[in-house]
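J.: What follows is a single structure, and I will ask about it in a moment.
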Amino acid sequence: MTVASTSDTFASSSTGGRPTYLDFNATSPVDPRVADEVMRFMVQEFGNAGSRTHGYGQVAKERVNRARQEVAALVAAKPDEVVFTSGATESDNLAILGLAAHGEATGRRHIVSTQIEHKAVLEPLEVLAKQGFEITLLSPDQGGRISAEAVAAALRSDTLLVSVMAVNNETGVIQPIEEIADALVGHETFFHVDAAQAYGKLIQPLQHPRIDLLAVSGHKIGAPKGIGALIVRRRGYKRPPLTPLMYGGGQERGLRPGTLPVPLIAGLGTASALALDEADQRTASAAAIKEQLIEALRPLGAVLNGDPDRTVATTLNVSIPGVDSEAAIVALKDVVAVSNGSACTSQSYEPSHVLTAAGLPRELVEGALRFSWGPDTTDVPTELIAERLLRLLRR
């Protein structure tokens, strides 16, 4: 398959169009092939997957079942282990808060996580802390990576859950998920992975059978906003003992009630299938863009935030000493659309908790820019980006 270009939608400023979009970690444009599938199930095949008395419902149900297979295939899970949600934030909440009742019933009230998690993990953990759970948050090294040995050392007999993201949303640093999973073999604790930035980009690490709970987001891989999944893997014959956060129906094995959004689910299924089919091609294309950006910014004294040998090909977090990130974003606004951190906290900008936890100097933290792109990104104006940033240095 050939990935369609988004050049018509996000044209380079040099052509007089909109700025080149380089904020895929916040959200990605919907792949045209995915959009076609979504529209078909909005306009033509609009049945309710729960309607069993006619063909409209049957077509919808069959598409949902196929989407389960497509999502499951990307992470080597079983289709019946896929629970559709509104996105990774809901999935994270269901995984973490959904285990609370089991923790209280068994006396296992200790949780291990990290200081660099997304707010979708950190805030539910704060809720559990107020309920008497003990939370251990591990710090990363200066390269932004958590040590698998530190995770193993933090385990206790009463540890209910280990929650570690697969790829950091700000730095793109890949966390040692497979090593952590190996360390948990033989231990009762549940392993939750926020894979919002990894799903569809990293294949093998997310397929480790010791990952019990895996949060997925559709709008990071060319599917629409408002759809995601929680992979609830069985260990042996037992599912993680989750308690639902909402009630009102038996959908999604009782874990997530409500009428299934069939068009969005179809979109996530198609996006997942494309990500698996085109994985090698996408990685090679993304890596080429990353190298071009690094080469263009190197003469400016650019400092890469995050171990460059352990980051995904689709993300570059960089600081230019002497350049404030807010000023840089303004200077680049007609050239590229970029960010200086998580979109979930950008409305009231505060220095990155991720870079701060890694021990970076304040100047680098305040100057950090995050560039992120996808499989349909072309013609990144690297020279113009460098030229605009150089102007700021000369002021």
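Just so it is clear, none of the values below were taken in a lab; they were calculated from the coordinates. The structure presented is a predicted model; accordingly, all values stated were derived computationally and were not measured. Here Cβ is always computed from backbone atoms with ideal geometry, including for glycine, and neighbour counts include all displayed protein chains.
J.: Order of 292-303, 160-171 by packing, highest average Cβ count within 10 Å first?
T.: On the way: 292-303: 16.0, 160-171: 26.9.
Packing proxy ranking, top to bottom: 160-171, 292-303.
J.: Counting Lys +1, Arg +1, Asp -1, Glu -1, what net charge surrounds V335 among other residues with beta carbon under 11 Å of its beta carbon? Walk me through the intermediate numbers first.
T.: Values: positive: R18, K333, R388; negative: D334, E383, E387.
Taking every other residue near V335 into account, the sum is 0.
J.: Please get the size of the charge dipole for the chain, origin at its Cα centre, with Cβ charges of +1 on Lys and Arg and -1 on Asp and Glu, quoted in debye to the nearest 20. Could you put the intermediate results ahead of the total?
T.: Values: 37 positive and 45 negative charges, 173 e Å.
Result for the chain is approximately 840 debye, rounded to the nearest 20.
J.: Which of the helices in the chain meet the span-like rule: DSSP H, Cα axial reach of 15 Å or more, Kyte-Doolittle mean at least -0.5? List each step's numbers first, then the result.
T.: Values: long enough: 55-74 (29 Å, -0.67); 119-130 (16 Å, 0.58); 262-277 (22 Å, 1.48); 279-297 (27 Å, 0.00); 382-394 (18 Å, 0.32).
Sorted by number, the helices that extend far enough and score high enough are 119-130, 262-277, 279-297, 382-394.
J.: Kindly provide the chymotrypsin sites (Phe, Trp or Tyr not before Pro) of region 40-93 that DSSP labels as loop, not H, G, I, E or B, and whose Cβ sees at most 13 other Cβ atoms within 10 Å. The partial results should precede the final answer.
T.: Working: sites: F41, F46, Y56, F84; in loops: F46.
For chymotrypsin sites (Phe, Trp or Tyr not before Pro) across region 40-93 that sit outside H, G, I, E and B with at most 13 neighbouring Cβ atoms in 10 Å, the list reads F46.
J.: Return the calculated 222 nm mean residue ellipticity for the chain, to the nearest 500 deg cm²/dmol, obtained by summing -39500 (n - 2.57) across DSSP H runs with n ≥ 4 and dividing by the residue count. Walk me through the intermediate numbers first.
T.: Working: 13 runs with 138 residues, N = 395.
Helix-only estimate at 222 nm: -10500 deg cm²/dmol.
J.: Which whole-percent values make up P(r) of region 117-263 when all C-alpha to C-alpha distances are grouped in 10 Å steps starting at zero?
T.: Percent of Cα pairs in each bin: 10, 38, 39, 13, 1.
J.: Report, to one decimal in Å, the Kirkwood hydrodynamic radius for region 217-346 based on all distinct Cα pairs. Before the final figure, lay out the partial values.
T.: Values: mean 1/r = 0.0535 Å⁻¹.
After inverting the mean inverse Cα-Cα distance, the result is 18.7 Å.
J.: Starting from 0 in steps of 10 Å, tell me what percent of the Cα-Cα pairs of the chain lands in each bin.
T.: 5, 23, 31, 25, 13, 3, 0, 0
J.: Next question, about the same structure. Taking the Cα centre of region 44-164 as origin, sum charge times position over the Cβ atoms of Lys and Arg (+1) and Asp and Glu (-1), and report the length of that vector in debye to the nearest 20.
T.: Working: 12 positive and 15 negative charges, 69 e Å.
Here the size comes out at about 320 debye.
J.: Additional query: If you take the charge dipole of the chain about its Cα centre, with +1 on Lys and Arg Cβ and -1 on Asp and Glu Cβ, which of V312, A153, S325 is farthest toward its positive end?
T.: Ranked along the dipole, the leading option is A153.
J.: Quick one: of K78/K238; K119/K220; K201/K225; K290/K333; K130/K238, which pairs are farther than 24 Å apart, Cα to Cα?
T.: Values: K78/K238 13 Å; K119/K220 17 Å; K201/K225 18 Å; K290/K333 20 Å; K130/K238 29 Å.
Flagged as over cut-off: K130/K238.
J.: Applying a 10 Å radius around every beta-carbon, put 232-239, 61-68 in order of their mean neighbour count, most first. Don't jump to the answer; show the numbers that get you there.
T.: Details: 232-239: 13.0, 61-68: 19.2.
The peptides rank, most packed first, as 61-68, 232-239.
J.: Place the peptides 25-33, 133-141 in order of packing, highest mean first, counting for every residue the other Cβ atoms within 10 Å and averaging per peptide.
T.: On the way: 25-33: 20.4, 133-141: 16.7.
Descending packing order for the listed peptides: 25-33, 133-141.
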